[in-house]
Amino acid sequence: MAERTEKGADIPSTILRSDKKAQDTWAKAHDSAVESYGEGERAHRTAFSALKHTHEKVGDHWEPKEEYGPSDDQAARGNRDSDLPSAGGVDANASKKHLQDVARRLDVKGRSKMDKDELVDAIRKANDRATAKARRD
């Protein structure tokens, strides 16, 4: 069941399954964005952009990142009209070792032979599967 921010927006289920800092970061950024842009998709995207600077998506939830900063080139540009692909919350700027550790935790098959881009894509897909499963349960 989704909770609501002060302004009334539903907090996405992946964030509700995350720590309090992730929830607070998303809610504060969302509420601020609603004041600037109004309720809707832009406010949600802004909130996720803020969250991706402090957290990364691992499975069906968000975990604190080792280092503050954008998770991928799309987040770094901060341009909503950009055609750069998003890594879907995966910290694509993390080290290959970190990505391999996350892939191990998610039981990604073949991870030891993957390059960094392949790891990011495999983790994103594993995250999507874990989130879909959590929503069904």
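Key figures
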read-out	value
Relative contact order %, the chain, counting alpha carbon pairs below 8 Å whose residues are six or more apart	19
Chymotrypsin sites (Phe, Trp or Tyr not before Pro) lying in DSSP loop within the stretch 25-115, provided at most 11 other Cβ fall within 10 Å	TYR68
Pairs of Cα atoms farther than 28 Å apart, the chain, %	15
Among TRP26, GLY89, GLN74 - extreme Cα towards positive end, dipole of the chain, charges at beta-carbon	GLY89
GNM result for the chain, Cα springs below 10 Å: residue of LYS57, LYS113, LYS28 fluctuating most strongly	LYS113
Dipole magnitude (debye, nearest 20) for the chain, charges at Cβ of Lys, Arg, Asp, Glu	500
Per-residue [θ]222 nm for the chain (sum of -39500 (n - 2.57) over DSSP H runs n ≥ 4, rounded to 500)	-16500 deg cm²/dmol
5 angstrom amide H check on HIS55, placed H, neighbours 5+ away	LYS65
Segment ASP31-LYS116, extension gain: residue separation times 0.36 nm, minus the distance between their alpha carbons	27.1 nm
Length-normalised contact order for the stretch 18-65 - Cα pairs under 8 Å, 6+ apart - percent	42
Exposure proxy ranking, count of Cβ atoms within 10 Å, fewest first, for HIS53, HIS30, HIS61	HIS53, HIS61, HIS30
Karplus-derived HN-Hα couplings along the stretch 124-131 (A = 6.51, B = -1.76, C = 1.60, θ = phi - 60°), whole Hz, x at Gly and Pro	4, 5, 5, 4, 4, 5, 5, 5
Under the Karplus curve 6.51 cos²θ - 1.76 cosθ + 1.60, θ = phi - 60°, whole-Hz ³J(HN,Hα) for the stretch 45-60, x wherever Gly or Pro sits	4, 4, 5, 5, 4, 5, 4, 5, 7, 10, 9, 10, 7, 9, x, 9
Note, ³J(HN,Hα) from phi for the stretch 84-97, Karplus 6.51, -1.76, 1.60, rounded to Hz, x at Gly and Pro	5, x, 9, 8, x, x, 6, 7, 5, 8, 6, 5, 4, 4
Flagged links, alpha-carbon separation over 27 Å, of LYS20/LYS116; LYS28/LYS116; LYS28/LYS97; LYS109/LYS133	LYS20/LYS116; LYS28/LYS116; LYS28/LYS97
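Each reported figure results from applying straightforward, stated rules to the coordinates on display, with no laboratory input. The structure displayed is predicted, hence computed values, not measured ones. Please note: Cβ atoms are built from the backbone with ideal geometry, for glycine as well, and neighbour counts cover all protein chains shown.
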